[in-house]
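The values are calculated or read from the model by the stated rules, or taken from the named source; none is laboratory data. Because the structure is a prediction, the values reported are computed rather than measured. A quick note on method: Cβ atoms are made from the backbone with ideal geometry, for glycine too, and the neighbour counts reach across all protein chains shown. Only protein heavy atoms, including side chains, enter the accessible area calculation; ligands, DNA and RNA are left aside. Shrake-Rupley method; radii C 1.70, N 1.55, O 1.52, S 1.80 Å.
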Amino acid sequence: MSTLQITIAERELPENVDDTSESARLFREYVDLRNAISSEQTGGADDFSATYRESLGQAKGQTSERQHRLLAIHEGHVIGIGAVDVSLHELQAPAYADVGVHEGFRSRGVAAALLAEVDRLLREEGRSATQTWVVHPPAPGPTRTAATGWGVVPADTPSVRFLERAGFALEQVERMSSLRLGAESPAMFERMRDTAAEKADGYSVRTWSGRTPDDELESLAQLHARMSTDVPAGALEVEPEQWDAKRLADYEQNALEHMQRQLLHAVAYDAHGAPVAFTLLSLGAGREVAFQEDTLVHADHRGHRLGALVKAANLLQLLEKHPERTRVTTWNAEENRHMLDVNEQLGFEAIGFEGAWQRREAAA
């Protein structure tokens with residue numbers, strides 16, 4: 001196929017997603033293509049799609065990253081998209097980058113053109129290491145094993161060939177797992193919570209919905225910071241994150257107000273009342289699925305079943321407050337056997353795999 005004539009431009013944010021401006025039309029096409037690519041990667045599921053309003057709110061409410069969103073435009077329409085995110089807090093952290101192309105315009109130079117602009121932005125931002133996370137649907141043939149030695153992805157696919165030509169290496173594989181909620185779920189979660197509580201003698205659990213109470217923000221922020229250092233990361237470059245009460249409050253405000261999410265928390269406390277473990281569920285508006293996001297047990301308090309305790313308690317909160325949710329989706333590094341054991345005991349089953357790819361130097 002011949003190379004297409006395209007224009008690469010940074011996305012402009014419209015005042016309103018419903019207006020008749022050119023920026024609003026292109027914004028809607030951007031969201032539509034992003035959702036279509038996500039659905040294709042996950043076998044037709046729309047769990048990871050976002051509405052126009054969610055997408056605009058997330059972009060306008062973002063305070064922790066500088067986000068660049070690229071459009072590849074052909075004959076007035078968006079046929080490819082790109083992304084570059086750089087942290088405004090961790091100034092030496094690797095940047096996140098991604099490109100995607102409409103299925104009808106692939107293998108015609110669009111992805112390469114987007115990647116060239118991504119590399120220009122990375123040089124402009126002064127970030128050398130780049131990371132991206134890609135869902136790899138099952139495919140026959142040879143596989144590529146992550147540098148951790150845990151987890152594989154299909155090797156002979158367009159996405160893998162493109163990433164490796166661009167200098168990315170597969171550093172880690174995360175398992176995507178799903179839990180179906182049913183009539184038997186309350187009793188099962190109660191049993192697991194109570195069994196874990198017996199092992200967690202001297203600890204207590206508190207759950208809440210929405211914002212973290214003001215008097216909890218600073219101590220919970222310190223647990224959030226440990227997510228960057230205490231979870232398996234393989235050979236991925238990681239800069240320890242610095243969290244405080246304001247950063248956590250801003251994060252929750254963006255999720256609740258701008259992204260129209262509901263947040264459910266479960267936190268375990270030691271005998272002195274200090275938080276030592278937490279887990280978070282995020283619920284998009286109008287969906288049947290909830291997302292099990294961060295879960296952390298402080299390294300000094302492991303071995304007391306606190307991960308199982310907070311997860312079971314939060315799932316019970318989900319059943320009580322949001323009975324319309326029928327599924328929960330989560331991600332775990334393939335080498336994180338302990339947390340995978342907890343999830344499997346809760347009833348999670350593998351539904352897919354996501355590759356964590358890294359390039360240590362931006363293209364010159």
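Observations on the structure shown:
- FRET efficiency, Val152 to Leu88 (Cβ-Cβ, R0 41 Å, nearest 0.05): 0.70
- Stokes-Einstein D in µm²/s, Kirkwood radius over Cα pairs - segment 160-233 at 25 °C with 0.890 mPa s viscosity: 142
- The radius of gyration of the Cα set in segment 216-348, together with its Dmax, comes out at 14.8, 40 angstrom.
- Mean shadow area of segment 1-144, taken as a quarter of the surface of its Cα convex hull (nm²): 10.2
- For the set Ile79, Ile351, the ranking by accessible area, highest first and with no ligand, DNA or RNA atoms included, is Ile351, Ile79 under a 1.4 Å probe.
- Distance between the 7 Å Cα→Cβ label points at Ala116 and Lys199: 5.5 nm.
- Percent of alpha-carbon pairs separated by more than 14 Å within segment 204-265: 62
- Mean separation of Cα contacts under 8 Å (6+ apart) over length of the chain, as relative contact order %: 21
- Estimated dipole of the chain in Debye, rounded to 20 [Cβ of Lys and Arg +1, of Asp and Glu -1, Cα centre]: 560
- Rg(Cα)/(2.2 N^0.38 Å) for segment 76-175, N = residue count: 1.16
- Read-out Cα extents along the principal axes in Å, derived from the coordinates shown; its label in (i) 92, 46, 45; (ii) 66, 48, 41; (iii) 63, 58, 31: (ii)
- Eigen-decomposition of the gyration tensor built on the alpha-carbon atoms of segment 320-364 gives equivalent ellipsoid semi-axes of 31, 16, 9 angstrom, largest listed first.
- For segment 1-69, Kirkwood radius (reciprocal of mean inverse C-alpha pair distance, Å): 13.6
- Acute angle (nearest 10 degrees) that the helix 110-125 long axis makes with the longest principal axis of the chain, alpha-carbon atoms: 70
- Rounded to 10°, Cα long-axis angle of helix 306-321 versus longest principal axis of the chain: 80
- Each label was represented as a point 7 Å from its Cα along the Cα-to-Cβ direction; for Arg287 and Glu40 these points are 2.1 nm apart.
- Extension gain (nm, one decimal) between Met227 and Glu324, 0.36 nm per residue minus Cα-Cα: 32.0 nm
- Taking every C-alpha pair closer than 8 Å and separated by at least 6 residues, the mean separation divided by the residue count of segment 128-177 gives a relative contact order of 32 percent.
- In Hz, Karplus ³J(HN,Hα) per residue of segment 164-177 (6.51, -1.76, 1.60; θ = phi - 60°; x = Gly, Pro): 5, 4, 7, x, 8, 10, 7, 8, 7, 10, 9, 8, 8, 10
- Stokes-Einstein diffusion coefficient of segment 128-277, Kirkwood radius over Cα pairs, 10 °C, 1.306 mPa s, in µm²/s: 83
- Once the 1.4 Å probe is applied to the protein heavy atoms, the chain comes out at 46 Å² accessible per residue.
- Protein heavy-atom surface of the chain, 1.4 angstrom probe: 49% of the accessible area is carbon and sulfur, with nucleic acids and ligands not counted.
- Debye-sum result for segment 254-322 in log10 I(q)/I(0), which assumes one identical scatterer on each alpha carbon, at q = 0.17, 0.18, 0.21 Å⁻¹: -0.64, -0.69, -0.86
- Taking every protein chain into account, the 1.4 Å probe leaves Lys246 with about 130 Å² of accessible area, to the nearest ten.
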